[in-house]
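The structure under discussion appears below in the form of structure tokens.
The values are calculated or read from the model by the stated rules, or taken from the named source; none is laboratory data. Since the model is a prediction, treat every value here as computed from it, not as a measurement. Note: ideal-geometry Cβ built from the backbone for every residue, glycine included; neighbour counts use all protein chains shown. To get the accessible areas, we keep the full protein, side chains included, count just its heavy atoms, and leave off ligands, DNA and RNA. Shrake-Rupley method; radii C 1.70, N 1.55, O 1.52, S 1.80 Å.
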Amino acid sequence: MTVATLATLAALGAFHGLNPAMGWLFAVARGLQERDRWALLRALPPIAAGHLASVAIVAALVTATRSVTASTALAVVGGVLLVAFGLWRLLSERHFRWAGMRLSAAQLTGWSFLMSSAHGAGLMLVPVLVAEPVPGGHSGHLAAAPVGALSGLAAAGVHTVAMLGTALVIALLVYQVLGVGVLRRAWFNVDRLWAGVLVAAGLVTLLRA
């Protein structure tokens with residue numbers, strides 16, 4: 001992967017980390033509920049693991065199955081899905097509900113996986129991954145598939161590390177300094193912004209296909 005690709009993956013991860021729906025708000029709530037900063041810190045790794053699983057599935061499939069034809073088809077399908085999902089999130093009045101705070105690590109990982117999948121986290125990586133050259137050239141597509149899958153997993157790893165780091169900083173900042181009261185005083189709808197980014201990324205993908 002190029003430096004530009006790594007930077008883009010990290011930037012998308014940071015953006016996901018900023019989104020309270022991806023887990024930092026849940027972690028802060030756990031910390032406040034138990035009046036323990038370690039409760040907050042313990043909640044973040046399972047959240048990151050669920051996010052990683054959701055993103056890695058999409059990333060591995062994209063990088064393992066690509067070819068000239070498949071990449072174009074995948075870009076079109078991915079672009080349509082991005083636009084459709086983003087428009088649905090923009091127009092939908094329905095909000096995802098927080099589960100109960102008393103979740104085990106496994107349950108928290110599962111919740112994060114479902115939340116990340118529902119928000120189309122893995123789909124955001126499609127434009128970045130399809131732009132990467134196929135390992136070994138197009139003629140070596142089948143032989144390069146396992147290598148491509150590993151590349152996709154690595155991309156998901158870079159993305160998730162950035163997501164976790166950003167979520168950790170924000171969660172600690174809110175918990176230690178600002179408190180949840182800031183969410184009532186200075187709140188904007190990140191979910192709407194996220195949906196708008198999905199639509200924009202989908203349109204870019206379709207234009208490049």
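Extension gain for the segment Val80 to Arg37, taken as residue separation times 0.36 nm less the Cα-Cα distance, is 11.3 nm to one decimal. Packing, taken as the mean count of other beta carbons within 10 Å per residue, orders the peptides 13-20, 30-37 from highest to lowest as 13-20, 30-37. For the set Ile57, Ile47, solvent exposure ranked by accessible area (probe 1.4 Å, protein chains only) runs largest to smallest as Ile57, Ile47. Note on surface exposure: Thr109, Thr160 rank Thr109, Thr160 by accessible area, highest first, 1.4 Å probe. Solvent-accessible surface (1.4 Å probe) assigned to Val55 amounts to roughly 0 Å².
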